[in-house]
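Worksheet: the structure to be examined is printed underneath.
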Amino acid sequence: MTSTPQSNSVRWLLEVTAAAAPADPAAFEQQRQLLRSVAQFDRASRTWWRCLGTLDARALEVLQCLYEAARRFGTEVGIRAVAAPAGWSGDCFCDAGELAAFALAQADAGRPLGQLHLS
C-alpha cells in the first residue's frame, strides 16, 4: 500500500541504482541508451538512479531495465529503502516494514531479492 504525501509519519521510497560498468565508449553509449528512459544519470558517480514510491507496472519496468543492463553490461544494481525527502510529491510507502514484507514475499527460497538466476 502506498500513501499520499500528506502523512506526518516518515515516508519511504525505494532508491534503485545501476553503477556503470567499465566499458569502451561504444558499450557505454549502449548502456546509456538502455537506461536513460528509466533513470537519471549522475556523472560524478557514473551511476543511474531512480526513486520509486509504488510497485506498479512502471516500477517493474524500471527494475527490469536495470537488471537487463546488469545482464548485458555488468552494471552493479542496488536497491535500498530511503526516507522520502521533504519535497517529495509522489506516492510513497507507508513504512519500512511494508517494504520488508514485500521483499520477503517476493524473494525465492534461498535466493536474495535482486540476485539474478544463473543461466
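Readers should treat all values here as calculations from the given coordinates under stated rules, not as data from a laboratory. Everything numeric here is computed off the predicted structure, so don't read it as measured data. Here the Cβ is made from the backbone with ideal geometry for all residues, glycine too, and neighbour counts use every protein chain on show.
Label points 7 Å out from Cα along the Cβ direction at Ala21 and Ser37: separation in nm?
2.0 nm
Which whole-Hz ³J(HN,Hα) couplings does region 35-48 yield from phi under the Karplus relation 6.51 cos²θ - 1.76 cosθ + 1.60, θ = phi - 60°, glycine and proline marked x?
Running phi through 6.51 cos²θ - 1.76 cosθ + 1.60 with θ = phi - 60° gives 8, 5, 7, 10, 8, 8, 10, 9, 4, 4, 9, 6, 10, 8 Hz.
Using 0.36 nm per residue of separation minus the Cα-Cα distance, give me the extension gain between Val82 and Glu29 in nm, one decimal.
16.2 nm
Subtracting the Cα-Cα distance from 0.36 nm times the residue separation, let me have the gained length for Val10 to Tyr67 in nm, one decimal. Kindly include the intermediate steps, with their values, before the conclusion.
Details: separation 57, 0.36 × 57 = 20.52 nm, distance 2.87 nm.
Stretched fully, the Val10-Tyr67 segment lengthens by 17.7 nm.
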